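> The structure's right below; bear with me while I get my questions together.
The values are calculated or read from the model by the stated rules, or taken from the named source; none is laboratory data. Keep in mind that this is a model prediction, so the values were computed, not measured. Positions of Cβ are generated from backbone atoms using ideal geometry, with glycine treated the same way; all protein chains shown enter the neighbour counts.
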Amino acid sequence: MPTFRMALTIAILGALPAACSERQPIQCDAQCVIAVKNMTRSYKPILGATEGEWQDAFAVANAELAQGDWSQRLSEIQQEICRTPGKVDWNRVGDLQLAMFNKLSLETQAMHIQVADAMDRPNDASGARALKLLRIQGMKDALFKVKINQFRVAC
């Protein structure tokens, strides 16, 4: 009998989707891109950006959110929201979100200090680099918010 149970367990586990058995990067589909684009229209560093500059900032921000602590926390928030619809621990979700928004805020403050001088020279290389960094940071904020909203709708 133990062999039958083990075979049944293996069969059941093999049938589970990959998202349950291993952490997958959180993807941004076409709806996500549209929502981010709409959200960032009023972001000051993104105002006046060309489509190419927007796409570059989006790609870098999306790549940053797909790794390290960002990816782990997004996965935790998704798992918490999707675990048992109707029985979500919204306090835990709120705590996870707040921790990541605080981290994002600290990154943004540090970046503003770092690039403040360069922003006075938007037409030279350091000013352009500073603006690009601020666009990426704003994009990370928008992406994070949109992905969390998508989790709430999808689950």
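> Hey, could you check the stretch 17-41 for residues that are at pLDDT 85 or above and charged (D, E, K, R) and say which is farthest from Gly68 (Cα to Cα)?
Arg41
> Turning to a different aspect of this structure: Does Cys82 count as at pLDDT below 85, under 22 Å from Ala30 (Cα atoms) and surrounded by fewer than 16 Cβ atoms within 10 Å (Cβ to Cβ)? Lay out the reasoning, then the answer.
On the way: at pLDDT below 85: no; under 22 Å from Ala30 (Cα atoms): yes; surrounded by fewer than 16 Cβ atoms within 10 Å (Cβ to Cβ): yes.
Against the criterion (at pLDDT below 85, under 22 Å from Ala30 (Cα atoms) and surrounded by fewer than 16 Cβ atoms within 10 Å (Cβ to Cβ)), Cys82 does not qualify.
> Can you tell me which residues in the stretch 54-96 are of a type in the set (Gly, Ala, Ser) and without any contact (Cβ under 8 Å) to a residue 40 or more places away in the chain? Spell out the reasoning first.
Let us first name the residues in the stretch 54-96 that are of a type in the set (Gly, Ala, Ser), namely 57, 59, 61, 63, 66, 68, 71, 75, 86, 94.
Residues satisfying the conditions are Ala59, Ala63, Gly68, Gly86, Gly94.
> Still on this model: Given the residues Ala49, Ala99, which is the only one that is in contact (Cβ under 8 Å) with a residue 12 or more places away in the chain, among the small types (Gly, Ala, Ser) and assigned to a loop (DSSP other than H, G, I, E, B)?
Values: Ala99 fails: assigned to a loop (DSSP other than H, G, I, E, B).
Of Ala49, Ala99, the one residue that is in contact (Cβ under 8 Å) with a residue 12 or more places away in the chain, among the small types (Gly, Ala, Ser) and assigned to a loop (DSSP other than H, G, I, E, B) is Ala49.
> A further question follows. Taking the condition modelled with pLDDT under 85 and of a type outside the set (Phe, Trp, Tyr), does Gln109 pass? Give the steps one after another, and end with the answer.
Working: modelled with pLDDT under 85: yes; of a type outside the set (Phe, Trp, Tyr): yes.
For Gln109, the condition - modelled with pLDDT under 85 and of a type outside the set (Phe, Trp, Tyr) - is met.
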